[in-house]
Structures are given as structure tokens and as C-alpha cells.
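The values are calculated or read from the model by the stated rules, or taken from the named source; none is laboratory data. As the structure is a computational prediction, the values presented were derived from the model and not from experiment. Remember, those area values only see protein heavy atoms, side chains included, never the ligands or the DNA or RNA. Shrake-Rupley method; radii C 1.70, N 1.55, O 1.52, S 1.80 Å.
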Amino acid sequence: MSDEMVQDLLDDLAGRLGHGLFVDSVDGRLIAYSSQDTHPDPARVAAILARRVAPEIRRWQNRHGIARATAPVRLPANPGLGLRGRLCVPIRHGERRLGYLWLPDEALGTAALDAVADAAAELARLLAGRTDEREDLVRRLLAPDRPGTGARDRLADLDPSLLGSQVLVCAAVPISHRRERVPALSAAEFRRLGTALPREHPECVGCFVTATHVAAVSRHHDPNTLDRHGDPAALDRALRAAVRRPFAVGVGDPAGFDVEAIRQAYKQARAAAEAAALDPALPQVLHWSGAGPYRMLAETRPDPVLAPLERTGLLPTLETYLDLGCDVRRTAASLHLHRTTVYYRLDRIAALLGADLRDGLVRSHLHLALKARRLNRARETDRRPA
């Protein structure tokens, strides 16, 4: 999308109406403003200088229902915030909320209101194209086999607040019923997810769907406010609502707005998502920092130590036993078995492996081998480039 087209549209409309106009995003970032404005109020001057609407003004505006509005909303003056009366025209593209067009709340004739409505519709088309451009840029930024500097620089042009900021990279993969592998998305799921991603979430930098996973980049905030800002939580909810099947969401370490750092976080997010999809002992939203042994196992090859158990059906018992700290009572409860059965199986495992399960080093070796086995199953899935 050409930023000049938005600017030309605003300047043309401002000239016809004789009023200054501006457009901001749903999270308060200033997108554009008309050059014509002879009497701007203090709040607008501050927003232009900061390139962002102040949080207290956004909260006051949202109390008037603009986030849910599909028609223009009149907001009264608020001298305490430096605001004159304003007319807010929501900019929507289908069900997507892209931003707001603002102008002074003065009497407008039918022709002027029609012109404002037409401008809002055109802005919706242009900003939707801008969203699509961001998606393509984020794809290029994350792709390990493509230059990413140009994509990073263009994203910074679209949103200068990213410079000097940190981002979170999330990846999501579907969870299979038996958790033996990471399945690819079906064609129907691919289509539904393509329209359901939280692209208009205030913190979203960009997100996209591939044949094997979903990826999203968002601004990073204090970890204590993560769910409120919705970084992985909003993605998780959108996926479940769209395809009605469980997903595992991996979250990479916070990264500076740098190509290599973001790509490393993307690699971490995908590894965490795959581990969570394969291992029921892990939470379904897994941060790389909490991935435990999977942080070490991401680059390992399968360990042959488990080969004698592969066709016995005993691997789940061994893994559950080790996951639960070698507590037979809890293992029996988790597997819905009698404790005598668990003891019998553990004896068989020890005999087949020729190993002493009371030995701490043996337990550690087997536990790591089991986790590596799970992670390597993900590599059997067709992993097409993003």
C-alpha cells in the first residue's frame, strides 16, 4: 500500500470539508493526518508530536464504544484532556477493525457525511492492503533463506515504534489425538485460519499461516501483562475458535528488532510448539524459557538406547514414570493401572534394557532419550519453508 494514497485522500477530504482530519490505528498509533487544520485542539497536537494517542485519551474514547461501533460516533468535548468534540468514523474491512477516522464534531450536511463515509470505505481498502503488506514483510523477515534487512526496514517505516523495541515470536501447530507426530494443516483448516488470525490485535506486528504451522510477531511488554496484551493468548483463542481442535503455541525469547535475533526467536518458538504438541507433560502454551530439556535436545539425533522398547508398548509407562519423578503411585493413577502392573512393567523395561532403573544417571539418560524421541517425531512432518 502507498502511504501517499492515504495522505492524498485525507488532504482532499479536508479541503472539501474545511476541517482537519486524522487517522489512528486501533492501538492509538497515528497513521496519517491532513495538512489542513487551522485550529487543532491540544490533544491532537500532542498526538502528532508523539505519533501516538495518549493512553488516557484512548481509554476515554473507548468508553464511548468506538471499538464496537459500525457507524459514526459523536464524542463530547473533554477540556481536562484537551479535547474538543469529535466525530469518530470506524474504519472497518468486513469484520476487521483497522482504525478510526477523526474530524471535528460540527454540523455536516448530507453531501459531506456521504463524502466522509466514502473516504472511510476507501481507507479501509487501503489499510487492509497495508495489513497484507505487513504479513508479507513478516514472512520475509522470518524466512531463514531470504534476506531480511529490507523487510525489517520497511516494517520500521510502517511503525517507527518498533525501533528500539522488543518483539515476541509465537508459532502454533495442531495437536494430534495420540500426540505421536505434528500433523500438517488440512486445506480447509488452512483457509479458515487465514481469515481468523488476530491481525488487528493492537500488539500484532504481523502473522501468517503455512501448511505446517502458524506464525505471529507481536510487540513485547512486561511478562506480567502478557495475557492482557494477548500475545500468545489471543493467538491460541483465535486458532481454537477457527478450527475447533487443540493447538500448541510456542513462544520464543523476547528479541530486539533485529533480523538475526528475531529469526532465532522464531526457531525457538517452533521448537517449543512442537515439543508441547508432542509431550502431554508440557503446557499447551510453552515459552522457550520453560522448555526444560527440550532446549538442549532441539539439535540432537535419536538415541538408540530405547530401541529394545520400540515395539513393546512400554515406552509410555517409562516416560510417565520418569515425568512423575519415579513415583509409582502417581504413575499408576495417571495411566489408570494398578500399582502391581506398573511394577511388573518397570521390571520388564529394566530387563529389556539391561539397565538398573534405580540408578540416577540411567534415569536421566532414558528421560532425555524419551524427550529427544518425541521431538524428532516432529521432524518427520513435512516442514515447508515459511
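For the reader, a short list of remarks on this structure follows.
- For the chain: relative contact order, % (alpha-carbon pairs under 8 angstrom, 6 or more apart): 13
- Rounded to the nearest 500, the helix-only mean residue ellipticity at 222 nm of the chain stands at -14500 deg cm²/dmol, with each DSSP H run of n ≥ 4 adding -39,500 (n - 2.57).
- For mean projected area of the Cα convex hull in nm², calculated from these coordinates, the label among [x] 19.7; [y] 22.3; [z] 29.9: [y]
- Heavy atoms of TYR321: accessible area, 1.4 Å probe, square angstrom to 10: 20
- Between the helical axis of 149-158 and the longest alpha-carbon principal axis of the chain there is an angle of about 40 degrees.
- Share of carbon and sulfur in the accessible heavy-atom surface of the stretch 247-358 [1.4 Å probe, %]: 51
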